[in-house]
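*Asks:* I have a structure here, written as structure tokens, and I will follow up with some questions on it.
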Amino acid sequence: MGEDNGYRKIEQYNNATIDSIAKKYRIILEELGEKPEREGLLKTPERVAKSMAFLTSGYNLDPSEILRSAMFNEKYSQMVIVKDIEVYSLCEHHILPFFGKAHVAYIPNGCVVGLSKIPRIVDAFARRLQVQERLTDQIRDCIQDTMNPLGVGVVIEASHLCMQMRGIQKQNSVTTTSAFTGEFLKEATRSEFIKLIGSKLH
């Protein structure tokens, strides 16, 4: 199966940054009363540093450029929806995960975008320290400002571990946020969008 036995792990990190973050996590473990030198924790500071680098990698991405890389002239003028996009982000208040689904729609105004670019910009904004409300607005504004469509609609439904594991400890709570522009500010268009994202058509 070759030198890598069929598996090759490829990681791209700034080593100096990872080392710096890992040293701080080692101190945190000690302050929490743990022993970073014990077997189970020997590589934990480095692993956490790499995990945080990945979970905040959106800071290194330009979502507008992601859209511009795959915009095509097209006369299609009906609603385009990409729904049930998995969202994983970190609450900036407690640095605990929140996760759920994003539903994104736009009405083209002379151009469309490659469908995969919508989930990519969701990830680009989600992989930062966030609040759900701002995340929703950022996705909407990026599409509106970059593509100039006739309207944009974004709905995010998410569960927040900062509410489930600590604090109020409500395990079944779900937060829904929405943001609209243009045609989606009209009740009929918005209602069609909400109906379609709740429908099972396949």
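The values are calculated or read from the model by the stated rules, or taken from the named source; none is laboratory data. The shown structure was predicted, so the numbers you read here are calculated from the model rather than taken from an experiment. Every residue, glycine among them, receives a Cβ derived from its backbone with ideal geometry; neighbour counts consider all protein chains shown.
*Asks:* Among what's in the range 120-173 and is surrounded by fewer than 21 Cβ atoms within 10 Å (Cβ to Cβ) and of a type in the set (Ser, Thr, Tyr), pick the residue that is modelled with the lowest pLDDT.
*Replies:* Ser173
*Asks:* Check Ala49 against each of (1) without any contact (Cβ under 8 Å) to a residue 24 or more places away in the chain; (2) of a type outside the set (D, E, K, R); (3) in a helix (DSSP H, G or I); (4) surrounded by 14 or more Cβ atoms within 10 Å (Cβ to Cβ) and name the one condition it does not meet.
*Replies:* That leaves (1) as the condition not met.
*Asks:* Under 9 Å by Cβ, and 6 or more places apart or on different chains, what pairs join a residue from the range 181-192 that is without any contact (Cβ under 8 Å) to a residue 40 or more places away in the chain and in a helix (DSSP H, G or I) with one that is of a type in the set (Ser, Thr, Tyr) and surrounded by 11 or more Cβ atoms within 10 Å (Cβ to Cβ)?
*Replies:* Short answer, once both residue conditions are applied: Arg190/Ser178.
*Asks:* Kindly list the number of the only condition in (1) of a type outside the set (Gly, Ala, Ser); (2) over 19 Å from Phe193 (Cα atoms); (3) more than 15 Å from the chain's Cα centre (by Cα) that fails for Gln144.
*Replies:* The one condition Gln144 does not meet is (2).
*Asks:* For the range 56-66, which positions are within 18 Å of Ile18 (Cα to Cα) and either free of Cβ contacts under 8 Å to residues at least 12 places away in the same chain or in contact with a strand residue (DSSP E or B) (Cβ under 6 Å, 6 or more places away or on another chain) (or both)?
*Replies:* Matches in the range 56-66: Asn60 only.
*Asks:* Also, I was wondering about something else. Could you figure out which of (1) in a helix (DSSP H, G or I); (2) surrounded by fewer than 17 Cβ atoms within 10 Å (Cβ to Cβ); (3) touching a residue at least 12 places away in the same chain (Cβ under 8 Å); (4) not hydrophobic (A, V, I, L, M, F, W, C) isn't true of Lys195?
*Replies:* So Lys195 meets the others, but not (3).
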